[in-house]
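One structure is given here, and the rest of the page talks about it.
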Amino acid sequence: REDALDVIDSDESAYVSGLLWADGCIANRWTVTLGLQEQDLPLLKQIQAWMGGRLKVREPEKLGHQALVRLIFQSSKVVSSLRSQGMCERKDFVLPELVPPPDRYRNAFVRGLLDGDGMVKFACGGIPMITFGNRSSSLRKIVADVFENISGQTPHERVYTERRYGMVRARALPSVEIARVLYLDNGVSMALPRKQNYARQFQDWMKARK
């Protein structure tokens, strides 16, 4: 499906676009790669079934590390689709400006970003927390906007100027609601299972407080 990302008009296209912005890259004018850890292979296979590509495994460089699995799309059409969203080669250094997806698909897009460059977990003290870290201010902004739209509270953001890196964070009750909407609501078709599991645990944490 070379036209899968031409238009962001579904949960799947928004999610995959977000994941590619986080953990993918445009290698050249006809190649796009998406790399995840071996434990996330089921998600890569789900994306492969949806839009094609081929899988390639790179064995771990150190003992005890996971293998890296890449889903490779060799299609100038896919490259063109991502360029229309603002992506370019060496995006983590160039820091291109994102062309935001339509409002109705922003939750799915942000879920893709979180599954690539975010964490859904319990912080010290057993407090639920969701964080997103990236050098791109336009990616951090869309995450912060979605967090605030869902929870009604402005998330904490910290920018490390010397590294041109920033983090968006929500804790406690706001993070519980954000996790519920992004990972557990009806219509969620793609997500990392381990982060969905944390979202369920967040709901249990909230029930235990009542």
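The values are calculated or read from the model by the stated rules, or taken from the named source; none is laboratory data. The structure presented is a predicted model; accordingly, all values stated were derived computationally and were not measured. Neighbour counts run over all protein chains shown; Cβ positions are idealised from the backbone, glycine included. Side chains included, ligands, DNA and RNA excluded: accessible areas come from the protein's heavy atoms. Shrake-Rupley method; radii C 1.70, N 1.55, O 1.52, S 1.80 Å.
Worth a mention:
- The residue that is most open to solvent (accessible area, probe 1.4 Å), among those in segment 83-130 that are of a type in the set (Val, Ile, Thr) and in contact with a helix residue (DSSP H, G or I) (Cβ under 9 Å, 6 or more places away or on another chain), is Val99.
- With respect to being under 22 Å from Pro101 (Cα atoms) and surrounded by fewer than 18 Cβ atoms within 10 Å (Cβ to Cβ), Gly166 falls outside the description.
- Residues located in segment 150-162, provided they are surrounded by fewer than 16 Cβ atoms within 10 Å (Cβ to Cβ) and in contact (Cβ under 8 Å) with a residue 24 or more places away in the chain: none
- Val57 vs. criteria modelled with pLDDT of 90 or more, over 19 Å from the mean Cα position of the chain (by Cα) and over 19 Å from Ala4 (Cβ atoms): yes
- Conditions (1) in contact with a Gly (Cβ under 9 Å, 6 or more places away or on another chain); (2) under 30 Å from Lys56 (Cα atoms); number of the one not met by Val94: (1)
- Qualifying residue in segment 71-82 (condition: under 26 Å from Gly166 (Cβ atoms), modelled with pLDDT under 95 and either surrounded by 14 or more Cβ atoms within 10 Å (Cβ to Cβ) or within 19 Å of the chain's Cα centre (by Cα) (or both)): no
- Selection of segment 168-187 for residues being assigned to a strand (DSSP E or B) and either under 13 Å from Arg106 (Cα atoms) or of a type outside the set (D, E, K, R) (or both) yields Val168, Ala170.
- Contact map, segment 131-145: first residue over 19 Å from Val181 (Cα atoms) and surrounded by fewer than 21 Cβ atoms within 10 Å (Cβ to Cβ), second residue among the aromatic types (Phe, Trp, Tyr) and at pLDDT below 95, Cβ cut-off under 6 Å, separation 6 or more or different chains; pairs are Arg135/Tyr165.
- Checking each residue of segment 134-151 against the condition of being hydroxyl-bearing (Ser, Thr, Tyr) and closer than 24 Å to Asn186 by Cβ gives at least one match.
- Residues of segment 67-82 that turn out to be among the small types (Gly, Ala, Ser), in contact with a helix residue (DSSP H, G or I) (Cβ under 6 Å, 6 or more places away or on another chain) and within 19 Å of Ser13 (Cβ to Cβ), as a count: 0
- The residues of segment 188-205 that are in a helix (DSSP H, G or I), open to solvent by less than 60 Å² (accessible area, probe 1.4 Å) and among the polar types (S, T, N, Q), listed by number, are Gln196, Gln203.
- Among residues of segment 22-33 being in a strand (DSSP E or B) and more than 15 Å from Leu5 (Cβ to Cβ), the one that is nearest to the chain's Cα centre (by Cα) is Ala27.
Every residue, every condition in (1) among the charged types (D, E, K, R); (2) under 20 Å from Arg104 (Cβ atoms); (3) without any contact (Cβ under 8 Å) to a residue 40 or more places away in the chain; (4) in a helix (DSSP H, G or I), yes or no:
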| residue | (1), (2), (3), (4) |
| --- | --- |
| Arg1 | yes, no, no, no |
| Ala14 | no, yes, no, yes |
| Gly35 | no, no, yes, no |
| Lys45 | yes, no, yes, yes |
| Leu55 | no, no, yes, no |
